[in-house]
1. Among the candidates 149, 130, single out the residue that is at negative phi, open to solvent by less than 30 Å² (accessible area, probe 1.4 Å) and not β-branched (Val, Ile, Thr).
2. Run down 208, 231 and say which single residue is under 23 Å from the mean Cα position of the chain (by Cα), on the phi < 0 side of the Ramachandran plot and outside any strand (DSSP E or B).
3. Residues being open to solvent by 10 Å² or more (accessible area, probe 1.4 Å), touching a residue at least 12 places away in the same chain (Cβ under 8 Å) and of a type in the set (Val, Ile, Thr): count how many of those fall in the range 241-268.
4. Being touching a residue at least 60 places away in the same chain (Cβ under 8 Å), among the aliphatic types (A, V, I, L, M) and surrounded by 21 or more Cβ atoms within 10 Å (Cβ to Cβ): is that true of residue 379 here?
5. Which ones in the range 67-110 are more than 26 Å from the chain's Cα centre (by Cα), free of Cβ contacts under 8 Å to residues at least 60 places away in the same chain and not in a strand (DSSP E or B)?
6. With the requirement that a residue be open to solvent by less than 40 Å² (accessible area, probe 1.4 Å), of a type outside the set (A, V, I, L, M, F, W, C) and within 30 Å of residue 445 (Cβ to Cβ), what does the range 323-345 give you?
7. Please identify the pairs in which a residue from the range 177-199 that is touching a residue at least 40 places away in the same chain (Cβ under 8 Å) has its Cβ atom under 8 Å from the Cβ atom of a residue that is open to solvent by 40 Å² or more (accessible area, probe 1.4 Å) and basic (Lys, Arg), counting only partners at least 6 apart or on another chain.
8. Looking only at the range 234-255, which residues are closer than 19 Å to residue 295 by Cβ, assigned to a loop (DSSP other than H, G, I, E, B) and not hydrophobic (A, V, I, L, M, F, W, C)?
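The values are calculated or read from the model by the stated rules, or taken from the named source; none is laboratory data. Remember, predicted model here, so these are calculated numbers, not experimental data. Heads up, the Cβs are rebuilt from the backbone with ideal geometry, glycines too, and the neighbour counts pull from every protein chain shown. Remember, those area values only see protein heavy atoms, side chains included, never the ligands or the DNA or RNA. Shrake-Rupley method; radii C 1.70, N 1.55, O 1.52, S 1.80 Å.
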Amino acid sequence: MRFSSALTTGILVLGLLQAPAVVLAQKVKSAPFSYVPEQSDDRYNQRVLRKTLPLSTGGFVILAHKSATEYAVERYTTDLKRTWSTALPISAGQAVDAFAASGSQATVVIHQTSGAAQNLSALTFDLATGQKGPLKKLLDANARDRRLGVTFSPDGTKLVAWRYLTRDVQIRAINAAVYDEKLTKLKDRTYDFHDQGGFFSTTIHVGNDGTQYVTLVAYEMKKLSVRRYLNTSPEIKVMSVAVGGTFGGKAVNVFDSRFMLQGNNTLYAAAICNERETGLYHSLKLVKFDFNGDGDLKFAPEVKFTPEYLADVNKASNTSAKRLEDIYLTDLLLTDEKQLVVVAEKKFEEGGDDSPGHTRELHLFGYNEYQAPTWHSIIAKDQVAPAAEGFSSIGYRAAVFGEDVQLVTWEKIKNKSDLYLRQVNAQTGVVQEPEALGLNVAADQNPSYVKDFTAWLDSKTLIGVSRPNKKSAALMLNKIVVK
């Protein structure tokens, strides 16, 4: 893969300068906000990553963790006026596993373990009144089985709950139930994997029409596959492509993958492949699975992680790494013009159960509407959080508006701790300098910024939760307007 030398140079300068631009945003309004940090056995893999959801009818809805025994679903206007708040008690053995919103309601899915059983149940909240519907059990299983799973469609109107059927730890099949937004069951399903051998990974996606797409990294982690299951037909449509194999005498496998389902029944899949023996990063591969009509699969040219790419990373982040490590796929961002930006982030722990978490440079790869790779950018950053927070305050949040990708991070740049906004042109990969948003976020060992609540109401208006200074113990809900 060849990149423009002029563009690459521009990327490196951006990475090295890291100088915040003049503040171009103003905090329009703040309101007190109560929040209890999540407690989990796996704090580095959160189940609910987005707790603020913008609404098409205006304002937004929030899943707030009020205390050890209570959540609340709350609706706010664009001016941070709370129009209703409905309590959601949580007892021992219960945890919130999913949160989504459609045009008329919000839905919360609760996982419960009690004795020898586990189950998933759901509650709905009317967006106009906040009225809570009855608890509806979706699925149950033995407590010794793998944890039950759940996912929502892009528009929040359909959901799938599933349980794993295993033999000797290996997944052999998945039993699933498909529901509409009123929690009426549409279909019971079994996805059979007896043909997959002993080593694969799988994820379930559901479309706005209730169609299920079961994604697989299979055949000894060398192939990406998607199986489509309709609610109206027994037909199973399969698309598959090899992304691993033997190259130059070296076995290459999928190290990390990410799938993204669009509302038009198109899936994009990205995979980072590495060498099996050495673990060296080999390449990034992108596939488009289009299930419309007769179906179409398009495999993009690979982007190789060459020594020149490593040199770019070291120069941008001012490091001297001997190899690429700890880089994971985090986002696939699609513009209205069908340009795609794949985002990967360096994430790691220092080591041990109570060690801090780190997130560092972002790796961005741009593809045009024909899935041809056209640019790459490296954004240097250096974030660290106490072990108790996992990655809930560090990393980034992203949104797409027109041809621009907006990225928000909490960083300390030039001794200024703040939220920073970067804009990336999806066509060219040009990254603007970080703009401080003027919140003066506290930088100490107490919760200062909760990334889960960051959301965009539009291209100029952001919602975020942060603590303004070390003297304050209280978090604030902020509305920020970018000039």
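1. Values: 130 fails: at negative phi.
Of 149, 130, the one residue that is at negative phi, open to solvent by less than 30 Å² (accessible area, probe 1.4 Å) and not β-branched (Val, Ile, Thr) is 149.
2. Values: 231 fails: under 23 Å from the mean Cα position of the chain (by Cα).
Answer to the selection: 208.
3. Of the residues in the range 241-268, 2 are open to solvent by 10 Å² or more (accessible area, probe 1.4 Å), touching a residue at least 12 places away in the same chain (Cβ under 8 Å) and of a type in the set (Val, Ile, Thr).
4. Values: touching a residue at least 60 places away in the same chain (Cβ under 8 Å): yes; among the aliphatic types (A, V, I, L, M): yes; surrounded by 21 or more Cβ atoms within 10 Å (Cβ to Cβ): yes.
Criteria met by residue 379.
5. 69, 81, 91, 92
6. Of the residues in the range 323-345, the ones open to solvent by less than 40 Å² (accessible area, probe 1.4 Å) are 324, 327, 329-335, 339-345.
Narrowing the set further to residues that are of a type outside the set (A, V, I, L, M, F, W, C) leaves 330-331, 335, 339, 345.
Residues satisfying the conditions are 330, 331, 345.
7. Listed by first residue and then by second, the contacts come to 178/185; 178/187; 179/185; 183/136.
8. Going through the range 234-255, the residues closer than 19 Å to residue 295 by Cβ turn out to be 234-243.
Next, only the ones that are assigned to a loop (DSSP other than H, G, I, E, B) stay: 234-235, 243.
Hits for the range 234-255 are 234, 235.
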